[in-house]
Amino acid sequence: MPASGAGPSSACGMPPDRSRPLLLLGGLAAFSLLALLISLVCGGMTLDPEHLWSALWAQGGLEHDLIWELRLPRALSAFAVGGLLALAGALMQVLLRNPLGDPYILGISGGAATASLLAMLAGASAAWLTGFAFGGALASMLLVFALAHGQGAWTPTRLLLTGVVIAAGWGALISLILAVSPAERLPGMLFWLMGDLSDADRPALPLLVLTAGSAWALLLAPGLNLLARGELQAAALGVEVRPLRLMIFLLASLLTAAAVTVGGSIGFVGLVAPHLFRLGAAGDHRLLIPGATLLGGSLLLLADTLARTLLSPQQLPVGVVTALLGVPVFLWLLHRTTPSRAPG
């Protein structure tokens, strides 16, 4: 008996429902390049395409330094952070079997924020903040996993509830740290908490993590498709559910930790990007993983461009822009999305 998801083949041998997602992926790749060009052109000093082209290939000069030392590193970092959050969000929605699954829902960002704020309060240099943030995120991940596992079965509901409680605990610690912090350090702390890419000038590591994480997620994609149908059905079809859930949790946590380390707490990208892609394609994770990654990276890239140009020369925290744009978009998605498009 053919699989329930199979459809008739087209004349070229490809199911007709596959052409649209593949075209969508190509369109998203072009959209990503367009978003990158917009981020390079726009800013306090606007460049026309001719000056941008000459600045990319010129040796030295103000425009060359502006592109290569400021805008391009920040743009690539923004794309990497957006892609990391979108990929983590897609994995979390399968792991928790909840369309509201979000990279920050398990308190990982709270652990990173607490560690970073403690480092700022202790007067640590900016070079140490990255290590503190990543260490705090990993500590929170291990804490949630240990408490959710406990003595009983590790279920998505138990994991979700444990993460929510841990996140609330981190929130209380963050409020305490802010309350006792010197007034002169509060602006930097608050900017980091709201999401800030002004110091994201080393894109190599987040891009490497994004590439490796996407490759790992694609290897898990067949199992993710079955797990989204339900644990019992996935187990009946030969999926080892428990190891797969553990790998999803570890991968999503590491992706979130890397994103928070670079850009702080940036909301709604990981929640909205997977849902937006599902509007134009089915929930096949072999397509959803690259599609949501491209879309999340492009959205955050455009949001960061808006954050640094809207009130130029003053810069807004990019997390404020994503929240202002993400709330109406997600409400529209809730109104538009049918139950069959929801993960699981």
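Every number here is computed from the coordinates shown, using simple stated rules; none is lab data. What you see is a predicted model; the values in this text were computed from it and never measured. Glycine gets a Cβ as well: all are built from the backbone with ideal geometry, and neighbour counts include every protein chain shown.
Details
- Packing-based order for 29-36, 107-114, 329-336, using average beta carbon neighbours within 10 Å, highest first: 107-114, 29-36, 329-336
- By the count of neighbouring beta-carbon atoms within 10 Å, fewest first, L96, L173, L220 end up ordered L173, L220, L96.
- Reported to the nearest whole Å, the Cα centre-to-centre distance from the range 52-130 to the range 140-218 is 13.
- Ellipticity estimate at 222 nm from DSSP helix runs (n ≥ 4, -39,500 (n - 2.57)) divided over the chain, nearest 500: -24000 deg cm²/dmol
- Charge context of S265, other residues only, Cβ under 14 angstrom, K/R +1, D/E -1: -2
- For the pair S198 and R286, a Förster radius of 22 Å applied to the C-beta separation gives a FRET efficiency near 0.05, rounded to the nearest 0.05.
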